[in-house]
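Enquirer: One structure is given below, represented as structure tokens, and several questions about it will come after.
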Protein chains: 2
Amino acid sequence: MLSDRLVKLRKSKKLTQQGLADKLQITRSSLSQYEIGKRQPDYGTLKKIADFFEVTTDYLLDHSNEKSMVQEHKTSYNLTDDPDLQIAFKDASDFSEEARKQAIDFIKYLKEKEKEKGRIHKDKDNN
Amino acid sequence: MLSDRLVKLRKSKKLTQQGLADKLQITRSSLSQYEIGKRQPDYGTLKKIADFFEVTTDYLLDHSNEKSMVQEHKTSYNLTDDPDLQIAFKDASDFSEEARKQAIDFIKYLKEKEKEKGRIHKDKDNN
DNA sequence: TAACTAAGAAATTCTTAGCCC
DNA sequence: GGGCTAAGAATTTCTTAGTTA
């Protein structure tokens, strides 16, 4: 919920409602309503809030969607289209160093195998 | 702008306004207004749209903030700094579907092993 | 001082119907 | 069919002032 996150973010910066309202160029009354969940700011204000606290609007709106995150991740970093592979990569990033090395080595092994396969017959995979 | 992205996303799925409106449970008139930029959907509808197309709300709102993105990725993905893992991942992106699946499965296996290692006690929940 | 609320004003959105291509 | 628009209804938000702790 926007309200919860807003309160936490504001307090993390040790600001009063008035203080934050000034920064966002809205009235403190409006801000109060957002924090209680009685009103919703327009998209412009939402983006202002996100920029001020340096968070995503998804975070503010409590919108978590793994696939969408991967999608965003992909466009930002130019990675693969395979969502499962992206999730696997994400998971591997959290591994211990040992497990990470095992993953890397296994992929190296697969890479060699792919090379072999390429020599034997032409690739017939369709995406 | 939401409007531009909405049109592109809808057409990428080869849907008419009526078709998408039905999926989102809104009238086609409302959807038309969103696509032209005359109206803005409430947050609930915004999230519905994001979920349906599997994108972030930041993408829909054209909200790009490098710091927030990095923040989000670090908190959501704990993206690794390990360059070897990144290279391995890029290699895997070029694999055949079969090899890619093997890599994914192996990482899943490692993930389970990591879980076991993480907890002292032996839980038997299957996930 | 800091935060919340009430109530009328103002702005925005929704609905319905109709229009254009 | 497919997409856009007008106009009144409905809803939401804003503003101002006031209340509470």
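Enquirer: Please give the contour-minus-distance gain from A:Lys13 to A:Asp62: 0.36 nm per residue of separation, less the Cα-Cα distance, rounded to one decimal in nm.
Expert: Values: separation 49, 0.36 × 49 = 17.64 nm, distance 2.00 nm.
So the extension gain works out to 15.6 nm.
Enquirer: For region A:1-40, what class follows from the C-alpha gyration tensor (a ≥ b ≥ c being the square roots of its eigenvalues): rounded when a/c is under 1.5, otherwise prolate if a/b is larger than b/c, else oblate?
Expert: Here region A:1-40 falls in the oblate category.
Enquirer: From Cα pairs below 8 angstrom and at least 6 apart in sequence, can you work out the relative contact order of region B:13-58, rounded to a whole percent?
Expert: Averaging sequence separation for qualifying contacts and normalising by length gives 23 percent for region B:13-58.
Enquirer: For B:Lys115, which inter-copy label distances result when the label point lies 7 Å beyond Cα on the Cα-to-Cβ vector, reported in nm to one decimal and in ascending order?
Expert: 3.5
Enquirer: Per-residue HN-Hα couplings for region A:49-54, Karplus 6.51 cos²θ - 1.76 cosθ + 1.60 at θ = phi - 60°, whole Hz, x for Gly and Pro?
Expert: 4, 4, 5, 4, 8, 6
Enquirer: Further, regarding this structure: At a probe radius of 1.4 Å, figure out the B/A buried accessible area, summed over both chains, and give it in Å² to the nearest 100.
Expert: Chains B and A together bury approximately 5500 Å².
Enquirer: Follow-up. Quick one: which of B:Lys8/B:Lys90; A:Lys101/B:Lys90; A:Lys108/B:Lys108; A:Lys13/B:Lys115; A:Lys47/B:Lys13; A:Lys115/B:Lys13 span more than 25 angstrom between C-alpha atoms? The partial results should precede the final answer.
Expert: Details: B:Lys8/B:Lys90 28 Å; A:Lys101/B:Lys90 15 Å; A:Lys108/B:Lys108 17 Å; A:Lys13/B:Lys115 36 Å; A:Lys47/B:Lys13 28 Å; A:Lys115/B:Lys13 36 Å.
Table pairs above 25 Å Cα-Cα are B:Lys8/B:Lys90; A:Lys13/B:Lys115; A:Lys47/B:Lys13; A:Lys115/B:Lys13.
Enquirer: In nm, one decimal, shortest first: how far is the label point of B:Thr27 (7 Å from Cα along Cα to beta carbon) from the matching points in the other copies?
Expert: 3.1
The values are calculated or read from the model by the stated rules, or taken from the named source; none is laboratory data. Small disclaimer: the values here were computed from a predicted structure and weren't measured. For neighbour counting, all protein chains shown are included, and Cβ atoms are generated from backbone atoms with ideal geometry for every residue, glycine included. Calculation scope for accessible area: heavy atoms of the full protein, side chains included, ligands and nucleic acids excluded. Shrake-Rupley method; radii C 1.70, N 1.55, O 1.52, S 1.80 Å.
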